[in-house]
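Worksheet: one structure, shown below.
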């Protein structure tokens, strides 16, 4: 079985390495991982309720596979397998890791990102990371979160560290939490003052209201990433069922009305326009 796995990984990675080595026309590569996406949830596979014209176009102009398998049906293990080419059970990964987890991928291990980076690609990852940070359990969220995506071959990272319903409810860019306030640190055992929703998982709970509970900080980060005008948001008080009140400056004719959510992501090839993806690997122009 072990030899079969090695052969399979070689078959998967060899075409990428061959494409990356083909000078001078290295292709841009956009790899999208979507949680809980069923086989029939997109138009090219039979969906009729949801319209997915852009994904359908990729299928029509590229290749559409009808026999696919995932190493896991769970967030963290599936990401581990996709990046490393190794079965997650060999790492004893069976369930999602949360905010107290160290990085589950050894920085010395080859990943799809590090492989392509060695071939001259500029690499970036956007969206839910969910693979842990740091070399020890319970990383310090007020300091540099490393090792992390940048130590696994990505030049840039922006997204949410765990699931959107789990503390610390923040954005992370590269090694740092966005909007972190030294006067209101992110600490285990506390609780951020955020709106209450039944689906929120609050264990292990963390404090850090300014960074974690501030809707304006999260929106500002999203606006900055999307190139949108600044947005001012006043969050509803704790334990309130009232929706947040939002006011925004008038968009200009050239502004992009689309804003990313924690599970949507953007990558920037070489022009200001951005394409949605969970992980994008872009050819470095010389």
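The values are calculated or read from the model by the stated rules, or taken from the named source; none is laboratory data. In this text the structure is predicted, and so the values were computed from the model without any measurement. All Cβ positions, glycine included, derive from the backbone under ideal geometry; neighbour counts span all protein chains shown.
Data overview
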| quantity | calculated |
| --- | --- |
| Residues of the range 119-148 satisfying the condition of being within 14 Å of the chain's Cα centre (by Cα) and either modelled with pLDDT under 95 or over 22 Å from residue 26 (Cβ atoms) (or both) | 127, 128, 129, 130, 131, 132, 133, 148 |
| Condition broken by residue 50, with the remaining ones in (1) part of a loop (DSSP other than H, G, I, E, B); (2) over 21 Å from the mean Cα position of the chain (by Cα); (3) touching a residue at least 12 places away in the same chain (Cβ under 8 Å) satisfied | (3) |
